[in-house]
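Q: Pasting a structure below so you can have a look.
Derivation of every value follows stated rules applied to the coordinates shown; laboratory data play no part. Since the model is a prediction, treat every value here as computed from it, not as a measurement. Methodologically, a virtual Cβ is constructed for each residue, glycine included, from the backbone with ideal geometry; neighbour enumeration extends over all protein chains shown.
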Amino acid sequence: MSKAFLEQAIARLAHDEPELQPGHVWLAGAGPGDPGLLTLDVLSALAQADALVHDALVSEKVVAVASQAEKFFVGKRGGRLSIPQGEINALLVRLAREGRKVVRLKGGHPLVFARGGEEALALAAEGIPYRVLSGVTSAFGGLASAGIPATMRGINGAVILATGFAAQSDDRPDWAALARTGQPIVIYMGLTHMADTVAALMQGGLTADTPAAFVENATLPDERVVTATLGTLAEAAVREHVVSPALIVVGHIVSLRDRLRSGA
Ligand code: SAH
């Protein structure tokens, strides 16, 4: 799409972009990677920010949009914190108190497995004005990009988003209970504990031949989809060298992929 098309479309939309005030923090989601999945509000936030606090999952191209902002990289991957969450919270509070226009940018949606809730709580506790700007969560962006419908009439009436890497036992999904729902499950951060997760899903009654897939680097130029079954997921991950960031999708929605893709 040419730049002129985009400018005209935005003008026609007559969308009043919110203004980022000094001393305010916006918790924003960049989507799974493809810049096309940025929302208009997040794009405008990046253009307005003078301080950008971002994660590893946000692509360089997107970070570069905030050309006039000082960048603070607070990356973490696979659940491993390089900077403790408390320090990130404190950084956001400090930047706001300095009167900066702060954007806290995360991959996907800022309130889906992203600790955005904790940051919002910390800001609220300190009386810092903040706002949440939604992003496309990787499950929905990634499934669509991989040619897998999130819901399909006749197959599923629900879709479960779960974390495979829960730091605290309270957050740990009851996999057997999820399996018993019979609904497809999209697992974030699932690679590290995959063997245990698969075993627990099977204990809950999912059979080894349940269709499954990895969607690696979803929506990015190097996106890769590896299909398997629940029973062969672990060996497929090793054979295909599946790496983070990847989603694991378990359920019959995966089997529609071939038919959907033939229309591509
Ligand atoms: N807030 C993010 C999730 C952060 S947790 C969101 O809404 O998407 C990090 C996990 O998200 C990764 O381990 C991976 O499972 C998933 N993820 C994020 N971006 C991804 C991408 N481009 N491709 C595949 N998985 C992705």
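Q: Restricting to the chain, compute how many DSSP beta bridges are antiparallel as a %, nearest 5.
A: Counting only bridges with both partners in the chain, antiparallel ones make up about 45 percent.
Q: Residue farthest toward the positive end of the dipole of the range 136-264, with Cβ of Lys/Arg at +1 and Asp/Glu at -1: which of 243, 199, 230?
A: Checking the options against the dipole of the range 136-264, the answer is 230.
Q: Sort all Cα-Cα distances of the range 48-154 into consecutive 10 angstrom bins from zero, then give the percent of pairs in each bin up to the one containing the longest distance.
A: All Cα pairs, binned at 10 Å, distribute as 13, 44, 30, 10, 3, 0 percent.
Q: Lys pairs in the chain, Cα-Cα under 25 Å, at least 8 apart or on separate chains: how many?
A: 9
Q: Could you work out [θ]222 nm for the chain from helices alone, using -39500 (n - 2.57) per DSSP H run of at least four and dividing by all its residues? Round to the nearest 500 deg cm²/dmol.
A: Result for the chain, helices only: -9000 deg cm²/dmol.
Q: Measure nothing but the geometry: give the 0 to 90° angle between the long axis through the Cα atoms of 194-203 and the longest principal axis through the Cα atoms of the chain, rounded to 10°.
A: Computed tilt is about 50 degrees.
Q: If you don't mind, there's one more thing I want to ask. On C-alpha positions alone, give me the angle between the axis of helix 85-97 and the longest principal axis of the chain, in degrees, nearest 10.
A: Between the helix axis and the principal axis of the chain, the angle is about 30 degrees.
Q: If you count, for each residue, the other Cβ atoms within 10 Å and average over each peptide, how do 137-147, 87-97, 234-244 line up from highest to lowest?
A: Sorting 137-147, 87-97, 234-244 by mean packing, highest first, produces 137-147, 87-97, 234-244.
Q: Using a 10 angstrom cutoff on alpha carbons, build the Gaussian network for the chain and name the most mobile of 75, 251, 29.
A: Greatest mean-square fluctuation among the candidates belongs to 75.
Q: Regarding the chain, what whole-number volume in Å³ per residue does the convex hull of its Cα atoms give?
A: For the chain, the hull spanned by Cα atoms encloses 145 Å³ per residue.
Q: Hey, got the dipole for the range 58-173? About the Cα centre, +1 on K and R Cβ, -1 on D and E Cβ, debye to the nearest 20?
A: 240 debye
Q: What is the spin-label model distance, in nm, from residue 208 to residue 153 if the labels are put 7 Å beyond Cα along the C-beta direction?
A: Roughly 3.7 nm, to one decimal.
Q: For the range 117-264, what is the convex hull (Cα atoms) projected area averaged across all directions, in square nanometres?
A: The directionally averaged projection comes out at 10.5 nm².
Q: Grab the Cα-Cα distance for residue 176 and residue 70, subtract it from 0.36 nm times how many residues apart they are, and report the gain in nm with one decimal.
A: 33.6 nm
Q: Please report, in debye to the nearest 20, how large the charge dipole of the range 1-83 is about its Cα centre when each Lys and Arg carries +1 at its beta carbon and each Asp and Glu carries -1 there.
A: 400 debye
Q: Taking the Cα centre as origin and putting +1 on Lys and Arg beta-carbons and -1 on Asp and Glu beta-carbons, what dipole magnitude results for the chain, to the nearest 20 debye?
A: In total the dipole reaches around 220 debye.
Q: Can you put 130, 188 in order of Cβ neighbours within 10 angstrom, beginning with the fewest?
A: Fewest to most other Cβ atoms nearby, the residues stand as 130, 188.
Q: For the range 179-264, what is one quarter of the convex hull surface built on the Cα atoms, given in nm²?
A: Taking a quarter of the hull surface, the average projection is 5.6 nm².
Q: Per residue of the range 5-11, in order, report the coupling 6.51 cos²θ - 1.76 cosθ + 1.60 (Karplus, θ = phi - 60°) as ³J(HN,Hα) in whole Hz, putting x for Gly and Pro.
A: Couplings: 4, 5, 4, 5, 5, 5, 4 Hz.
Q: Separate question: Quote the FRET efficiency, to the nearest 0.05, computed for residue 124 versus residue 243 with a Förster distance R0 of 41 Å and r equal to the Cβ-Cβ distance.
A: Efficiency, rounded to the nearest 0.05: 0.70.
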